[in-house]
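Remarks on the structure that follows.
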Amino acid sequence: MDARFLGIADLVEVPSVAVVVDVMRAYTVAAWAFGQGAEKIVLAESLDEALALKARHPDWVALKDGPPAPGFDAVNSPGLLRSVDLGGRTVVQKTTAGTVGALAVQEVPLVLCAGFVVAEATAQFLRARKSDSVTFVVTGEDGQADEDLACAQYIARRATGVGTDAAEYVHRAAGSRAAAELAGGVRQGAHPDDVALCLEVDRFPFAMVAASQGSLMVLRPHPMPSPAGEDPA
């Protein structure tokens, strides 16, 4: 498999497959939302769009980066979200980098969103699709975020079927600037367990597939492909 690792600003052509990686914290939070029963996640382009969607659908759950704010029900923290019952709910998510990355590749035929918590399921999805070329979108720090790059490289290795130990990749992510900022309280709207939860490997048995639905970009969980390697499409 030919794997490319690009920042959002480096996306100059439309690849056939894109994996958008945001470890700390957008796609760890998204996975936890599905784990807590959410049906789908609408990826909002802006805070105003998120609030407008919430206004039109009062039963939807709107969340954002940073501290709590009027109109939003939750913040982008896995530690805080893990106690919220989202059974059957729709979540509207707007974050600084993760949702931006997914919206940047909305014309791509297949878009997966990932973090360490869904790494193996994502790799299995790519293997089942027999993807020859995959573009990994490293969303943080203009494509330089080591936690996102480490996770992307790990998934790429696993997608080739190589028996790769996650430990070295998790270690890199643990030493990243994002991890230090979260642990040090620099980032608002956080829980003390957020770093550990973001570094948990294969917590959830599903990949997360984003696709256009009307004018919206919608993320849904997709169960891990069977061992037989059936095409998940």
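The values are calculated or read from the model by the stated rules, or taken from the named source; none is laboratory data. Because the structure is a prediction, the values reported are computed rather than measured. Note: ideal-geometry Cβ built from the backbone for every residue, glycine included; neighbour counts use all protein chains shown.
Before moving on, here are some points about what is shown:
- Residue in region 37-55 that is crowded, with 17+ Cβ neighbours inside 10 Å, in contact with a helix residue (DSSP H, G or I) (Cβ under 6 Å, 6 or more places away or on another chain) and of a type in the set (D, E, K, R) present: no
- Check on Ala38, hydrophobic (A, V, I, L, M, F, W, C) and either modelled with pLDDT under 95 or closer than 24 Å to Asp146 by Cα (or both): no
- Of the residues making up region 44-62, those that are of a type outside the set (D, E, K, R) and assigned to a helix (DSSP H, G or I) are Leu47, Ala50, Leu51, Ala52, Leu53, Ala55.
- Scanning region 8-22 for residues that are part of a loop (DSSP other than H, G, I, E, B) and under 17 Å from Met208 (Cα atoms) yields Ser16, Asp22.
- Tally of residues being of a type in the set (Asp, Glu), out of contact with any Cys (no Cβ under 9 Å at 6 or more places or on another chain) and under 15 Å from Asp22 (Cβ atoms) across region 136-165: 4
- Region 105-132, residues that are more than 16 Å from the chain's Cα centre (by Cα) and among the small types (Gly, Ala, Ser): Ala128, Ser131
- Test for Arg127: is it basic (Lys, Arg) and either crowded, with 20+ Cβ neighbours inside 10 Å or at pLDDT 95 or above (or both): no
- Every residue from region 54-67 that is in contact with a Gly (Cβ under 7 Å, 6 or more places away or on another chain) and more than 18 Å from Val23 (Cα to Cα): Lys54, Ala62, Pro67
- Any hit, region 86-95, residues being over 23 Å from Thr139 (Cα atoms), modelled with pLDDT of 95 or more, in contact with a Lys or Arg (Cβ under 7 Å, 6 or more places away or on another chain) and not charged (D, E, K, R): yes
- Annotation note: of Glu168, Glu181, the sole residue that is without any contact (Cβ under 8 Å) to a residue 40 or more places away in the chain and closer than 17 Å to Thr28 by Cα is Glu181.
- Failed condition for Val134, given (1) touching a Ser or Thr at 6+ places or on another chain (Cβ under 7 Å); (2) crowded, with 19+ Cβ neighbours inside 10 Å: (1)
- Remark: pairs (first residue in region 15-33, free of Cβ contacts under 8 Å to residues at least 12 places away in the same chain; second residue among the aliphatic types (A, V, I, L, M) and buried (at least 24 other Cβ atoms within 10 Å of the Cβ); Cβ separation under 7 Å; 6+ apart in sequence or on different chains) are absent.
- Restricting region 137-168 to residues that are more than 16 Å from the chain's Cα centre (by Cα) and either of a type in the set (Gly, Ala, Ser) or farther than 17 Å from Phe5 by Cβ (or both), the residue that is surrounded by the most Cβ atoms within 10 Å (Cβ to Cβ): Ala159
- Whether a residue is of a type in the set (Lys, Arg) and either more than 18 Å from Ala3 (Cα to Cα) or free of Cβ contacts under 8 Å to residues at least 40 places away in the same chain (or both) was assessed, and Arg187 passes this test.
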